[in-house]
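Computed from the coordinates by the stated procedures, all read-outs in this text should not be read as laboratory data. If you're wondering where the values come from, they're calculated on a predicted model, not measured in any experiment. When we count neighbours, we look across all protein chains shown, and the Cβ atoms used for this are built from the backbone with ideal geometry, even at glycine.
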Amino acid sequence: TDAYLGAIEAATPLNTYVTVTADQAREMAKASDLKLGKGQGGALEGLPLGIKDLFATKGVLTTACSHILDGFKPPYESQVTQNLWHDGAVMLGKLNNDEFAMGSSNETSFYGPVVNPWRRNGDTTKIVPGGSSGGSSAAVAAKLCLAATATDTGGSIRQPAAFTGTVGIKPTYGRCSRWGVVAFASSLDQAGPIARDVRDAAIMLRSMAGYDDKDSTSVDRPVPDYEASLGQSLKGLRVGIPKEYRVDGMPAEIDALWTRGIEWLKAAGAEIVDVSLPHTKYALPTYYIVAPAECSSNLARYDGVRYGLRVPGKDITDMYEKTRAAGFGTEVRRRVLIGTYVLSAGYYDAYYLKAQQVRTLIARDFTEAYAKCDVLLTPTAPSAAFGIGEKTADPLSMYLNDVFTVTVNLAGLPGISVPAGLSSDGLPLGLQLIGKTFDEETLFRVAYALE
Ligand code: GLN
């Protein structure tokens with residue numbers, strides 16, 4: 001724990017941590033030492049972790065990296081972090097993320113962008129770590145924690161993992177409790193780990209996951225020992241290759257990465273089958289209607305009365321307006337406006353209802369594909385990480401980065417990103433495996449073979 005706290009201090013320019021809980025970390029580590037000394041302790045006893053600032057931590061600043069949650073110290077602990085502490089883990093601090101987890105590059109945070117520890121060959125340009133869990137991915141890659149918690153609404157665990165050469169898994173919707181996780185789009189949000197390798201991710205997820213009656217969408221199923229899946233043979237496993245993911249303008253090296261992944265799995269004994277997910281082209285527009293709609297409703301609670309920031313006004317409406325204008329960043333305001341628009345009486349049927357119908361078709365595509373295969377293989381993102389500031393002026397090109405990840409959230413499926421090589425300029429690239437509902441075990445088994 002001391003070594004990590006020292007490393008965090010030395011790596012301040014990466015801007016990964018927004019709060020460091022040094023005293024608390026040392027106390028937790030001491031308690032773990034005592035337990036370990038007696039031959040006791042949980043699965044994560046004494047292991048120092050970083051926590052995305054979206055998870056409520058009792059008495060510790062929790063801001064979702066938004067100005068509107070300025071100074072907010074929750075009086076309760078999220079269920080996922082509670083599970084980690086129960087297993088003996090140590091909290092190093094809270095990690096930077098896109099404001100309310102809205103973004104793909106960790107550039108929308110009120111606390112400024114996170115810097116990816118990776119650089120292009122022969123180039124000093126600062127690179128984004130992906131988003132929204134950019135603090136988590138960069139901290140794991142720079143060894144500023146052993147592993148980190150993260151959340152994924154449309155790719156925020158998997159894409160940052162791909163951009164930093166780490167492993168990230170978004171489990172099935174309902175696997176991890178959302179209780180105490182700051183809500184972005186409740187029907188899509190899921191927690192999961194970002195870790196250095198597949199084994200660490202398997203161990204972390206087992207501790208994070210589990211039924212919680214405080215989350216009405218939590219599913220009551222036993223959590224398997226994911227580590228037991230590692231090293232199992234891939235003989236007889238059918239891996240589906242969805243042809244619609246070969247999108248226009250996909251860089252040749254992403255295509256080559258995918259082909260390489262197919263060859264590796266073939267060599268490991270898997271059978272490769274072509275499958276079709278015909279509604280893939282509607283996934284991004286569907287996601288960017290459903291997610292903002294839910295966000296506009298979830299963020300209505302930040303009114304200057306109950307949490308964090310309050311800017312005084314001449315009456316209550318004026319106070320609301322001033323607080324929200326000062327408290328929310330540009331991207332969050334854009335989403336709230338889009339969401340309010342698609343939910344408004346005149347446009348609800350044309351946009352929101354239609355998007356929900358298409359969402360059903362997207363989910364059905366997967367069900368049909370899984371009649372022919374056990375798992376799907378795709379690239380995680382259509383490019384390697386880009387430079388800080390390169391895409392901030394163009395929200396659409398930023399949204400396009402989520403093209404391979406949002407389908408998984410819309411269908412509630414599990415997805416994992418595994419490091420699978422480097423781009424021509426030396427940045428990490430990731431491959432994504434998409435599984436059947438609650439079949440994280442197959443994801444770990446195949447990811448371990450790919451790693
Ligand atoms: N990049 C996507 C968005 O901005 C996904 C974010 C996430 O998964 N939290 O909405």
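Among the listed pairs K281/K354; K35/K73; K58/K214; K170/K372, which have their C-alpha atoms separated by more than 20 angstrom in this model? Display every interim value, and only then the final one.
Numbers: K281/K354 15 Å; K35/K73 29 Å; K58/K214 17 Å; K170/K372 23 Å.
Pairs exceeding 20 Å: K35/K73; K170/K372.
Of all lysines in the structure, those lying under 16 Å Cα to Cα from K126, and not within fewer than 8 positions of it along the same chain, are K391.
Each label point was placed 7 Å from the Cα along the Cα-to-Cβ direction; for D2 and K35 their separation is 2.2 nm. Placing dummy labels 7 Å off each Cα toward the beta-carbon, the span from K314 to A268 is 6.6 nm.
Between R246 and A10, the FRET efficiency estimated from the beta carbon spacing at R0 = 51 angstrom works out to 0.75.
Placing one equal scatterer on every Cα of region 2-229 and applying the Debye formula, the log10 ratio I(q)/I(0) at q = 0.07, 0.15, 0.18 Å⁻¹ is -0.19, -0.91, -1.34. The alpha carbon convex hull volume per residue for the chain rounds to 142 Å³. Counting neighbouring Cβ atoms within 10 Å and putting the fewest first, the residues K391, K243 line up as K243, K391.
Summary of the geometry: region 321-347 and region 386-421, compared by the centres of their Cα atoms, lie 22 Å apart. A full extension of the chain between R260 and V219 corresponds to an added length of 11.2 nm, given 0.36 nm per residue minus the alpha carbon distance. Taking each residue as 0.36 nm, the span from K235 to R364 lengthens on full extension beyond its C-alpha to C-alpha distance by 43.7 nm. Rg/Rh, computed from the Cα trace of region 177-222 with Rh as the Kirkwood radius, has the value 1.00.
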